[in-house]
Amino acid sequence: MLKTDIAIIGAGPAGLNAAISAAAMGAKVLLLDRDDRAGGQLIKQTHKFFGSRELHASLRGIDIASLLLARVREFDNIDFRLGATVLGYYEDGVITAEYRGNFLKIKADRYVIATGASEKILPFPNNDLPGVYGAGAVQTLTNVYGVLPGKRVIMVGSGNIGLIVSYQLLQAGVQVAGIVEAAPGIGGYLVHAAKIRRAGVPIYTSHTIKEAYGDSSVQGAVIWQLDEKWQPLNGTEKDIEADVICIAVGLTPLTELLWQAGCQMKYVPQLGGHVNLRDENLMTSVPGIYVAGDVSGVEEASAAMLEGKLAGLAAAKSLGYSIENYDELWQQAISQLDGLRSGPAGEKIRSGLKMLVR
Amino acid sequence: MRIDEHPVLTFTRGKKVTFYFDGKKIEGYEGEPIAAALHAAGVKVLRHSHKKNRPRGFYCAIGNCSSCLMVVDGVPNVRVCVEKLREGMQVETQKGRGDLIVED
């Protein structure tokens, strides 16, 4: 049995920050990730982040991942294991993991679940054809492995992911046939949308996919217009040729471990699906289990980093560890989170979170 | 198709290796996911679904959705979007659920 103060599951923006914060207070940390690279989805993000300097603004996601990894490596009290897939949470507070062919049993006094989220799919005929790919998958293929997903892409969804991935595809030399958005307006930041429009890519608002077609893989799709009640309008069909349909309709939290641990959950569509109740320290209804990042509500990587800091600080403090400027650090992370969630863009997140604070 | 020049990124690839897709020799780079190597070689159909025999490709690329299961070196249900490519691997299109491996 492997014993530690705090086990952190997931080494993305949330998990890495949780590890750094907790380790800085002196806690013994075990950091696990099923992938063999640290950084979670940061490793595919080539765009520069917005916001303040503390939130790594103007750095690209890939560089933020390297920076955080370097910080983690500075701590002797962080045992960092990549290629470790956590398999389950048991009622005696033990978790098990598969680690490079070995079976690990782990008992930690505190857990921070930072498992992130996974891509949603959209229902339409032939959505299982090869060539219908999640936006994250397209980013991985293009930005991490340097392999093009195809020649011509239909992007579904005009949120920030849809817009950013469209731009990244253009950078990589792929044609973007158009962006299809069911809502009457563009979902993401207009600064991203403007770049796409300048490149001549049409954005079809109030449209959705009627069906995809192709023999053994995608050869195109028929899109059609939606009325103000989101019902498709006959006679508005457009046929668009493409070999890839990229689905960027959002993410849903990877909450399996939270369910297993018996955390109280609630369906909150604004946050991507079922998510856990939490207190101001990001502790779930199960004492000792904390959350950070997309697993507890899908937001941006900057919010995940701040939640990681908070959860790491709070988990370490609850075990009796301390740091001189704890209150200042905690308050700073809280105000930065409030800042990120302020304004009209944060309205959806704020209304979702209101349903969850214990 | 592979990207050779990119305005932001440089790709560091492993050593070139050969492997087999349904018996056919293909080249890829060691350590990249099998699915990336197949995609670069133009292979999009990775398996056929067990009831309706419909073609399936990859979807999430993070080992989560089970769309990309293939038979690798005789082992069925390998998630090729996360399984790393090695020299000489035998990768086969999976039909249905795959067969259990029975050891004597």
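Points worth noting:
- Per-residue [θ]222 nm for chain A (sum of -39500 (n - 2.57) over DSSP H runs n ≥ 4, rounded to 500): -8000 deg cm²/dmol
- Percent RCO, i.e. relative contact order, over chain B, from Cα pairs under 8 Å lying at least 6 residues apart: 29 percent
- Residue of A:116, A:250, A:262 that the Gaussian network model of chain A assigns the largest fluctuation, springs spanning Cα pairs under 10 Å: A:262
- Summary value for chain A: 20 percent relative contact order, contacts being C-alpha pairs under 8 angstrom separated by 6+ residues.
- Between residue B:13 and residue B:51, the modelled label-to-label distance comes to 4.0 nm, taking each label 7 Å out from Cα in the direction of the beta carbon.
- The distance linking segment B:62-104 with segment A:44-111 is 27 Å (Cα centroid to Cα centroid, whole angstrom).
- With the convex hull of the Cα atoms taken as the outline of segment A:200-358, the averaged projected area works out to 13.6 nm².
- Efficiency of FRET between residue A:228 and residue A:327 - r from beta-carbon atoms, R0 41 angstrom, step 0.05: 0.25
- Cross-link table A:151/A:195; A:120/A:266; A:44/B:84; A:120/A:195; A:28/A:105; A:151/B:44, entries beyond 23 Å C-alpha to C-alpha: A:120/A:195
- Cleavage-rule hits, GluC sites (Glu not before Pro), segment B:1-72, DSSP coil, Cβ neighbours within 10 Å at most 12: B:5
- Extension reserve of the residue A:198-residue A:67 stretch, reckoned as 0.36 nm per residue once the Cα distance is removed: 43.9 nm
- Averaged over peptide A:125-138, the number of partner chain Cβ atoms lying within 10 Å of each residue's Cβ comes to 5.
- Virtual paramagnetic centre 7 Å along Cα→Cβ of residue A:189, amide N under 14 Å, in segment A:287-304: A:300-303
- Each part reduced to its alpha carbon centroid, segment A:241-261 and segment A:141-214 end up 17 Å apart.
- Spacing of the two label points (7 Å from each Cα toward its C-beta) at residue A:266 and residue A:238, in nm: 4.0 nm
- For the protein assembly as shown, the square roots of the Cα gyration tensor eigenvalues, ordered a ≥ b ≥ c, give a/c of at least 1.5 with a/b no greater than b/c, which places it in the oblate category.
- Based on C-alpha pairs under 8 angstrom that are at least 6 apart in sequence, segment A:63-169 has a relative contact order of 11 percent.
- Estimated at 0.36 nm per residue, the fully extended path between residue A:81 and residue A:48 surpasses their Cα-Cα distance by 9.1 nm.
- Sites matching GluC sites (Glu not before Pro) across segment B:47-92 that sit in DSSP coil, with at most 12 neighbouring C-beta atoms within 10 Å: B:87
- DSSP-loop GluC sites (Glu not before Pro) across segment A:64-161, with at most 12 other Cβ within 10 angstrom: A:74, A:91
Read the figures in this text as sums done on the coordinates, not as results from a lab. What you see is a predicted model; the values in this text were computed from it and never measured. Heads up, the Cβs are rebuilt from the backbone with ideal geometry, glycines too, and the neighbour counts pull from every protein chain shown.
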